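Okay, structure first, notes after.
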Amino acid sequence: MVPEGHAAKEFEVNGFGLQYVEQGSGEPIVFVHGGVQDLRAWEPVREAVAKRYRFIAYTQRYYGTKPWPDDGRNCSVATHADDLAKFITALNAGPVHLVGWSHGGEVAASAAVNDPSLVRSLILYEAGIISVLPAGSPEGKMAREDRAKMAGPYIAAAKAGDFIKAGKLLVEGVYQLQPGGFDSLPDDWRTGLLDNARIVPLLLAAPPPPAITCDMLKGFTRPTLVMRGEKTLQWWALISEAITKCVPGAQQIILKDVNHDGPCRDAAAFTAAIFEFLERL
């Protein structure tokens, strides 16, 4: 599904048609959505970005409303990262500025680390790359405990087979909403999230993502911006701090008064941070 008023474009990547929208001209910025989302997640920033750059957002395999190419057995960060790499190549636009949010940050970072020639810069908003925190470290333990506490209710609902409820609980957890708070979200947010609830069992069954360690990131030399919300959950704050320390010269920006919902809750601050970062390159 693409935003109203936009014709669907599509590239066949690894035998699957990835839908995308683009607008504007200039240096390309590719936006990678998070879990239980699709390209519509980036609607709050599209117009502003397209005034300065070539805005490109796509829907990852198994997300959105298209029929799945199989039973979902290939759903994984590794698959999505490979799809992304081939999508960037298919654009034939040279190295791109790559923006990833949450699960999309894991995908973007994996693609960038695997082939740095694909990217001119990397921008991560609360990427869930927990492997940068060793499990035995104090930070690693805190992050994993915090993540488990957040995920518990949604995992329980998913195991009971109620994937719509699981999707709602996941959103309430990551956005730190009160019970039932999903229903208070804007209509377009809820529509996009409910459309993607069907991917919940695939995400839970997916193999662990390829481990991106601090040592790996120390060898990544592309300009990198790490962003997080001021009020986000502890595990994303710890991961963001670690990524910033590991990537040479990485910058970190903390958006005020938002949490994991930063790119849509305060799109103006999010885009302003991207523009300021890119203008310095």
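The values are calculated or read from the model by the stated rules, or taken from the named source; none is laboratory data. Everything quoted here is computed from the prediction, not taken from an experiment. Neighbour counts run over all protein chains shown; Cβ positions are idealised from the backbone, glycine included.
Among 274, 254, which is in a strand (DSSP E or B), in contact (Cβ under 8 Å) with a residue 12 or more places away in the chain, in contact with a strand residue (DSSP E or B) (Cβ under 8 Å, 6 or more places away or on another chain) and not charged (D, E, K, R)?
The match here is 254.
How do the pairs read when you match residues in the stretch 9-38 that are in contact (Cβ under 8 Å) with a residue 24 or more places away in the chain with residues anywhere that are among the small types (Gly, Ala, Ser) and part of a loop (DSSP other than H, G, I, E, B), using Cβ under 8 Å and keeping only pairs 6 or more apart or on different chains?
Within 8 Å, the pairs are 19/8; 19/64; 21/8; 28/93; 28/94; 34/102; 35/102; 38/64.
Step by step: first the residues of the stretch 90-113, then only those that are out of contact with any strand residue (DSSP E or B) (no Cβ under 6 Å at 6 or more places or on another chain) and either basic (Lys, Arg) or at pLDDT 95 or above (or both), then the one that is surrounded by the fewest Cβ atoms within 10 Å (Cβ to Cβ). Which residue is that?
113
Can you name the number of the only condition in (1) modelled with pLDDT under 95; (2) in contact with a Ser or Thr (Cβ under 6 Å, 6 or more places away or on another chain); (3) β-branched (Val, Ile, Thr) that residue 65 fails?
(2)
Which condition does residue 116 not pass, out of (1) at pLDDT 95 or above; (2) buried (at least 17 other Cβ atoms within 10 Å of the Cβ); (3) in contact with a Ser or Thr (Cβ under 8 Å, 6 or more places away or on another chain), if it passes all the others?
For residue 116, the failing item is (2).
Quickly run through the stretch 204-214 and pick out the residues that are in a helix (DSSP H, G or I) and modelled with pLDDT of 95 or more.
Within the stretch 204-214, 214 is the sole residue that qualifies.
Out of the residues in the stretch 172-200 that are of a type in the set (Gly, Ala, Ser) and surrounded by 15 or more Cβ atoms within 10 Å (Cβ to Cβ), state the one that is farthest from residue 63 (Cα to Cα).
Only one residue tops the list, namely 173.
Looking at the stretch 126-156 only, could you name the residues that are more than 21 Å from residue 259 (Cβ to Cβ) and of a type in the set (A, V, I, L, M)?
Correct list: 135, 156.
Does residue 243 fit the bill of being outside any loop (DSSP other than H, G, I, E, B), closer than 26 Å to residue 177 by Cα, in contact (Cβ under 8 Å) with a residue 40 or more places away in the chain and among the β-branched types (Val, Ile, Thr)?
In short, no.
Looking at 143, 127, which is the one that is small (Gly, Ala, Ser), under 27 Å from residue 61 (Cβ atoms) and crowded, with 17+ Cβ neighbours inside 10 Å?
Unique residue meeting the criteria: 127.
Within the stretch 66-82, identify whether any single residue is assigned to a strand (DSSP E or B), within 16 Å of residue 199 (Cβ to Cβ) and without any contact (Cβ under 8 Å) to a residue 60 or more places away in the chain, and answer yes or no.
no
Please specify each residue of the stretch 11-29 satisfying the condition of being surrounded by 14 or more Cβ atoms within 10 Å (Cβ to Cβ), modelled with pLDDT of 95 or more and farther than 24 Å from residue 200 by Cα.
Answer for the stretch 11-29, where residues must be surrounded by 14 or more Cβ atoms within 10 Å (Cβ to Cβ), modelled with pLDDT of 95 or more and farther than 24 Å from residue 200 by Cα: 21, 22, 23, 24, 27, 28, 29.
Tally time: how many residues in the stretch 189-202 are part of a loop (DSSP other than H, G, I, E, B) and basic (Lys, Arg)?
Result for the stretch 189-202: 0.
Return the total of residues in the stretch 23-48 being closer than 19 Å to residue 121 by Cα and either in contact with a Cys (Cβ under 6 Å, 6 or more places away or on another chain) or assigned to a strand (DSSP E or B) (or both).
5
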